[in-house]
Amino acid sequence: MIMVRCAAKMAQAQHDRTAWFKGGTAHCQVTLAPGARAYRLVLLGAPGVGKGTQAELISERLGPCHLSTGDVFRAAKTLDPSERTPALNAALEHMKRGELVPDATVIGIVRERPSCLRCPGGFLLDGFPRTVEQAEALAAMLKDLSLQLSAVVSYDLPIEQIVARLSGRRTCSQCKAVYHVATKPPKVADVCDNCNGKLIIREDDRPESIRVRMQAYEQSTAPLAAYYRQRGLLVSIPADGSPEDIYRRTVVALAS
Ligand code: AP5
């Protein structure tokens, strides 16, 4: 059995992402357990490869806070349009079409949340960085905070399996839990097991947006694997098999 020390006191670390969602002066109640390790990770991989699924498992079991830029944009969608900045409104339009949000907007969002990078439990960036410009900005932010990445985990899967994962995904309209019609169906069709919310297809999981997202990934994000390999940080993990299989591979790679 593989033993990895947890980074934070789980009861406090789990699900407290107040600072990430609210930004500004909001803060979370996370502490580091004595003698534990704080992981500072980036997850890379094509849209739909399973980054969010792995992020949930890693965050729950190893403690780093799950920081997804996509989640910040999706949370912004629930605000009244008048409460959103023009940059955020424009970002949501890009997202709907499957395009990348402009670097300046995304970098601004992460920069406004320095307490998340300093989180005592560590962090798990999911969906950021996505371009070399974002990677350079992250490096500068971490340098200013005297922090270093532990590793960059890249999940790899053939495109046809990725498309099958994306096209079967269903998301709870209320609590945002993620399901799959074939591999992780809810107990009752189209109803969330956790909160009874209605399950929906994400706007950007429609075929025309999936095509644009895959192109954006190939052009802008795939080159980041070479960027991080050159810096000795890249860990490549095959993303076939069950979420538990992939999690176990990830833990073994992190332990080494
Ligand atoms: P974001 O939210 O980051 O989405 P993404 O990268 O496209 O990734 P997904 O959430 O689609 O997939 P995932 O890899 O997390 O897979 P999941 O675990 O859900 O970004 C969305 C948009 O926001 C972008 O397109 C862009 O517009 C914008 N954006 C965000 N960050 C940005 C940035 N930094 N710069 C610019 N723009 C940015 O799994 C998928 C499905 O497969 C699920 O149904 C799941 O149940 C299933 N599944 C998972 N693992 C397995 C498995 N092992 N076996 C079988 N099924 C599985």
Enumeration of residues in the range 211-221 that are touching a residue at least 12 places away in the same chain (Cβ under 8 Å) and more than 15 Å from VAL101 (Cβ to Cβ): ARG211, MET214
For VAL252, the lone unmet condition from (1) part of a helix (DSSP H, G or I); (2) touching a residue at least 40 places away in the same chain (Cβ under 8 Å); (3) under 25 Å from ARG130 (Cβ atoms) is (3)
Taking the range 219-230 only, how many residues are exposed (fewer than 12 other Cβ atoms within 10 Å of the Cβ) and of a type outside the set (A, V, I, L, M, F, W, C)? 2
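Please work out which residue is nearest to THR31 (Cα to Cα), limiting yourself to the range 58-91 and to residues that are among the aliphatic types (A, V, I, L, M), in contact (Cβ under 8 Å) with a residue 12 or more places away in the chain and surrounded by fewer than 18 Cβ atoms within 10 Å (Cβ to Cβ).
Kept after step one, since they are among the aliphatic types (A, V, I, L, M), are these residues of the range 58-91: 58, 62, 67, 72, 75-76, 79, 87-88, 90-91.
Then keep just the ones that are in contact (Cβ under 8 Å) with a residue 12 or more places away in the chain; that gives 58, 62, 67, 72, 75-76, 87-88, 90-91.
Keeping just the survivors that are surrounded by fewer than 18 Cβ atoms within 10 Å (Cβ to Cβ) gives 75, 87, 90.
Numbers: ALA75: 25, ALA87: 33, ALA90: 36 Å.
Per the stated criteria, the residue is ALA75.
Can PRO102 be described as within 24 Å of GLY63 (Cα to Cα) and either surrounded by 14 or more Cβ atoms within 10 Å (Cβ to Cβ) or within 15 Å of the ligand (Cβ to nearest atom) (or both)?
Details: within 24 Å of GLY63 (Cα to Cα): no; either surrounded by 14 or more Cβ atoms within 10 Å (Cβ to Cβ) or within 15 Å of the ligand (Cβ to nearest atom) (or both): yes.
Judged against the criteria, PRO102 is not a match.
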Pairs where the first residue, in the range 125-153, is touching a residue at least 24 places away in the same chain (Cβ under 8 Å) and the second is surrounded by 15 or more Cβ atoms within 10 Å (Cβ to Cβ) and among the acidic types (Asp, Glu), C-beta under 7 Å, 6+ apart: THR131/ASP103; GLU133/ASP103; GLN134/ASP103
Out of the residues in the range 49-97 meeting the condition of being within 10 Å of the ligand (Cβ to nearest atom) and acidic (Asp, Glu), tell me which one is farthest from SER150 (Cα to Cα). GLU93
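Being at negative phi and assigned to a loop (DSSP other than H, G, I, E, B), is that true of even one residue in the range 210-221? So that I can check it myself, show each step before the final result.
Filtering the range 210-221 down to residues at negative phi leaves 210-221.
In the following step, the residues that additionally are assigned to a loop (DSSP other than H, G, I, E, B) were identified as none.
Checked against the condition, which is being at negative phi and assigned to a loop (DSSP other than H, G, I, E, B), the range 210-221 yields no hits at all.
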Taking into account only those residues within the range 199-210 that are in contact (Cβ under 8 Å) with a residue 60 or more places away in the chain and over 18 Å from the mean Cα position of the chain (by Cα), which is surrounded by the most Cβ atoms within 10 Å (Cβ to Cβ)? SER209
Within the range 17-48, count every residue that is within 16 Å of the ligand (Cβ to nearest atom), surrounded by fewer than 19 Cβ atoms within 10 Å (Cβ to Cβ) and of a type in the set (Val, Ile, Thr). 0
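Taken together, the values in this text are just the output of simple stated rules run on the coordinates, not laboratory data. None of the values given here were measured: they were computed from a predicted structure. Counting neighbours? That spans all protein chains shown, and the Cβs are built from the backbone with ideal geometry, glycine included.
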